[in-house]
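The values are calculated or read from the model by the stated rules, or taken from the named source; none is laboratory data. Worth saying up front: this structure is predicted, and the values here are computed from it rather than measured. Positions of Cβ are backbone-derived with ideal geometry, glycine not excepted, and every protein chain shown enters the neighbour counts. These accessible areas exclude ligands, DNA and RNA; they are computed on the full protein's heavy atoms, side chains included. Shrake-Rupley method; radii C 1.70, N 1.55, O 1.52, S 1.80 Å.
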Amino acid sequence: MRASTEIYRLPDPRRYHGGPTDNPLLRLAQEDGVGQIRLREQIRVRIRQGGDAEILQALRCAPSCAVYRQLWESVCAASEDVLDSDEQIATHLFAIPLVLVAGAKSRVILPGAVPDIDAVCALLQKHGAFGAMRNLGLGNALCSSGTVERITPGEAFRWSTEFAASGVPRALEARAIEVAPGREQVHLRFLIGATIVPQAVAPFPEAAANIGAWGMPLTRLLAQQLAQPGLELLPVPRPPAAILKAAHLGRDAELGLSFNLFVSNGVRQFRATVGDPVAILAAHQAATGGAEIRVSLSSAFDDTLLEGFRWPLHPADDFEHTLAGITGLLQECRVSDIRMMATVMPDSLPGGALFIRVADYADHARAAAGLTH
């Protein structure tokens, strides 16, 4: 039997632009101590003055993951602290990520809105998801990750102001979900809302993070409201988060659950036919400029069997944490043969393949090693 995980590490395939820039936010993000305090202050000023372009430029020009993360965390913190000190109440936009696990024997279209959002609000308040606060508004649109990711810090600030003035959440684009027949699929949607609380009160109390108290009741309610004939649906809510943070947290939840389904289904299929699969991990640079980790399951006993999963990497992702989660789940599923490519691979392999079979692993490893010499 082959030894377990390869001793060398998977390389990080992301490319950070870096290079000279006159963006003052980027310079502050690379300083320690006082520079970090000034960075948050300067971002706060730009959020109030509509300086989204300068904030986004700094993120695009970040020379490393560490600098990108410092910038992004400062942007999120500043966006949650945009009120003047003499204001007594604060409006906080938030999003509840919903990871929807769906399966159907024939094509089904899930509507892009929750039929009875008032019942959802009542349930959240009944189970104390937002503590004792009652000034809670929630839109019924099931928003896609793209919609949430496009919200800029300046927009979040303006929408907070609008909410305080009008008392209703800003309408966002609802996105229907097409459930194709076949294996279970995972889809990510968000419910957008806002709370109005005294400035000294935390917008998301500990009760919000304690999803065990309200998560299952919300799952049951949403499953009832979104039910359709021939559809198997499991809505998995995640804790609410400030609007800018929510997209990344929801994305992590979606990828984690998708990969869990991929591994459990794939390993079961292999063991039912040819025995334990071999898992091969490779870091790829995509043709579109992005980067991802690809995981393939294959067998030396049947070259026709191949299952693949693509895990796209965000500039703010903790690469080592992501890799540990991937290998950890494979090991939990008792996949003992885990191999890793030691060099960054191109988007497509010779012949146009996207995933590496165990039969071709040695050839790809030798070719990749030759490119580094």
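Some observations on this one:
- The number of residues in the range 95-125 that are open to solvent by 60 Å² or more (accessible area, probe 1.4 Å) and free of Cβ contacts under 8 Å to residues at least 24 places away in the same chain comes to 1.
- Among the residues of the range 298-356, just one is assigned to a strand (DSSP E or B), among the β-branched types (Val, Ile, Thr) and buried (at least 19 other Cβ atoms within 10 Å of the Cβ), namely Ile338.
- Within the range 174-193, restricting attention to residues that are open to solvent by 50 Å² or more (accessible area, probe 1.4 Å) and not small (Gly, Ala, Ser), the residue that is nearest to Ser160 (Cα to Cα) is Arg175.
- Screening Ala324 on (1) touching a Pro at 6+ places or on another chain (Cβ under 8 Å); (2) free of Cβ contacts under 8 Å to residues at least 12 places away in the same chain shows it passes everything except condition (1).
- In the range 13-48, residue nearest to Arg158 (Cα to Cα) [restricted to those that are among the acidic types (Asp, Glu) and at pLDDT below 85]: Asp22
- The set of residues from the range 257-282 being closer than 16 Å to Leu313 by Cα and open to solvent by 30 Å² or more (accessible area, probe 1.4 Å) comprises just one member, Leu257.
- Residue match in the range 151-159 (condition: of a type in the set (Ser, Thr, Tyr), modelled with pLDDT of 90 or more and open to solvent by less than 30 Å² (accessible area, probe 1.4 Å)): yes
- Inside the range 233-245, residues that are closer than 27 Å to Arg183 by Cβ and under 13 Å from the mean Cα position of the chain (by Cα) make up a count of 1.
- Every condition in (1) within 29 Å of Phe301 (Cα to Cα); (2) of a type outside the set (Asp, Glu); (3) without any contact (Cβ under 8 Å) to a residue 60 or more places away in the chain holds for Ala223 except the one numbered (1).
- Restricting Ala369, Ala359 to residues that are at pLDDT below 90 and touching a Ser or Thr at 6+ places or on another chain (Cβ under 9 Å) narrows the list to Ala369.
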